[in-house]
1. Criterion first (crowded, with 19+ Cβ neighbours inside 10 Å, of a type in the set (Ser, Thr, Tyr) and either over 31 Å from the mean Cα position of the chain (by Cα) or under 22 Å from LEU333 (Cβ atoms) (or both)) does SER414 satisfy it?
2. Going by what's in this entry, would TYR268 be described as of a type in the set (Ser, Thr, Tyr), open to solvent by less than 30 Å² (accessible area, probe 1.4 Å) and either in contact with a Gly (Cβ under 8 Å, 6 or more places away or on another chain) or on the phi < 0 side of the Ramachandran plot (or both)?
3. Looking only at region 188-227, filter to residues that are modelled with pLDDT of 85 or more, assigned to a loop (DSSP other than H, G, I, E, B) and of a type outside the set (D, E, K, R); which one of those is most open to solvent (accessible area, probe 1.4 Å)?
4. Please specify each residue of region 105-123 satisfying the condition of being closer than 15 Å to ARG34 by Cα and small (Gly, Ala, Ser).
5. Need a quick list: strands (runs of 3 or more DSSP E) entirely within region 239-337 having at least 2 residues that are touching a Leu at 6+ places or on another chain (Cβ under 7 Å).
6. Quick check: is even one residue across region 348-367 open to solvent by 30 Å² or more (accessible area, probe 1.4 Å), touching an Asp or Glu at 6+ places or on another chain (Cβ under 8 Å) and without any contact (Cβ under 8 Å) to a residue 12 or more places away in the chain?
7. Pairs needed: first member in region 445-463, closer than 16 Å to TYR336 by Cα; second member anywhere, in a helix (DSSP H, G or I) and modelled with pLDDT under 85; C-beta distance under 6 Å; at least 6 residues apart or different chains.
8. Need the failing condition index for ALA293 against (1) in contact with a His (Cβ under 9 Å, 6 or more places away or on another chain); (2) open to solvent by less than 10 Å² (accessible area, probe 1.4 Å); (3) of a type in the set (A, V, I, L, M, F, W, C), just the number.
Amino acid sequence: MRKFSTWISVLSWLGLALGKDVSKKQEHPYPEPRPEIPYDKRVFLPNAYSFIREDPEGAFREWLGLNGVDLSRVQFKHGEGRGTDPVGFSLFTSKRATPADAVLSVPMHLALSLEAAQLDPVYSEVLKLPVFNRQNVTTPILTPGAPASTQGSVQVDLISFVMYERAKGYKSFWAPYFAMLDKARVSTLLDWTEEELQELQSLKSFPQVEDAKRKLQYIFHDLFKGLREHDTLSAEFSKPDYSEAAMLWATQVVQTRAFGSPVGAALYPLADLINHSPPNEAFHSYDSREPVAMASFTQDDLGNMQMRPDFTVKAGKELFITYAPTRTNMELLFGYGFAIEHNPYEKANIEVQGLKENVDFTVSELSPVFMAFLRASVFAQKKKKLLTPKQSSSVWLLRSKFRRPLDGWNEINSLRNGLNLLEQMDSHWPTQTDADKSMFAECEADGVDATGCDDKLHTALIFRLTVKRILWGQSVYMMNMLKDVTKIVDETQKDNEAFLEEMQELEEENANVKAKKRARELQFLKQTISEMGQEDQPLTEEEEGGGKGGGEGGDSNAAKPKQEL
């Protein structure tokens, strides 16, 4: 489900759509399908209507097998993964696999792409229209003011082709794939209601989502108005299957599931069922998270895709890839519609009264901007002055003398003020952390889709609990630091030079402790990953109690099989 993104201005789309006749053919058609791709060998699923209705998963397996996908090393399961979608699909190994083993291969002729679209006599004519000029087929769906990492784009030509194929119903070559997507419940923030967005308890997301919805509505009305007025295409595109809801669904499919390929964005059936995880190395021991079996995709020059595990894993392990590195939960929500617990890249972007910009709090360290602001505020208060707008900016603070401790009195009061501010921030949430924890525990125990807990509420709870845990962690950091600083002040007897030397030593000692702890974590991770690929060994006769002197019950201290990770 890797998102395929292109960053271009929305103005190119608007100018083209408003200023040209959609009924005229474009001068530069799409490249012809490559002859080396065996599209003529595609096999439609026999009796698709009855097969898909009775057993959509079985129909999908049959269709994949008919089209050259080997399922002997990988299997997909619904609702059994520990990944990002608790009610969706996940990929698991069927056999022990090493990095040399291609556990999954998906041929290019199976992919839903614009190259395949040109084989369709109707849609090949659609692609010749000027509205699908290759330089103007994408448009951002988020506001220009959104962070660059959350900016997405709509692949208009591929989205409309997905709509076109889905409108064919069981006559589409990809009908078994669409049935699986319907069961997987494709969803991003674009189909969250205002009430559901409120559950995130983050106002910054609302205007971006609403703006994206308005842009999609504009694209839909402009594009399909032209197609419905076209001389030869109006009969097809006047069907009720081409609705705003259908475009929203197709947009989310392409946004969340498309991979790059030699012919642009493409949907690779089965490959897109794999779930996301940050790399194992990004996590710390306090995350209470076991290592997972990471995998990687590769493509040849033709676009045929293969997946291999990054390290040896035993049978029955769920496989993961990293959709996009270093993404926060807000960025994952915008791009893919999910959030992950204990996200090592998560940031709590919080407004702090008196600061010009919001502060990014993280799980791993005190915010340097926040600490510099606290020191500057205490210093200004002692001088009976206020910070100027310039002095309240993060750029100025990180370049000023306040980026380091000034003296014992200033540092102690800064930390005390910081704890008070964090306590105020925590009290402003619509729901308290303990209430969220209780609700989340009920969700996990009763299962997503239980009464009162759907997948969107589950996602919202993960999102807001992760943010609140970060602020709680910042408070713990500050309380521990306050104890250390108070001790140093008492020992140095108000000798500021001695205080600063002790603070420098404390910082170096903390850095060394953190580095040694991290080294131990990575060594343990390496050992654990090595064990993930070891098959459980059968018990010997002596271990089973059947050897000499074993007796009927066997030795109570006999070795036990290794516990599954």
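The values are calculated or read from the model by the stated rules, or taken from the named source; none is laboratory data. None of these values were measured; they are calculated from a predicted model. As a convention, Cβ positions derive from the backbone with ideal geometry for all residues, glycine included, and neighbour counts pool all protein chains shown. Remember, those area values only see protein heavy atoms, side chains included, never the ligands or the DNA or RNA. Shrake-Rupley method; radii C 1.70, N 1.55, O 1.52, S 1.80 Å.
1. yes
2. In short, yes.
3. THR193
4. ALA111, SER113, ALA116, ALA117
5. Counting at least 2 such residues, we get 293-299, 305-309.
6. Yes, some residue in region 348-367 is open to solvent by 30 Å² or more (accessible area, probe 1.4 Å), touching an Asp or Glu at 6+ places or on another chain (Cβ under 8 Å) and without any contact (Cβ under 8 Å) to a residue 12 or more places away in the chain.
7. HIS458/CYS443
8. Here ALA293 clears every test but (1).
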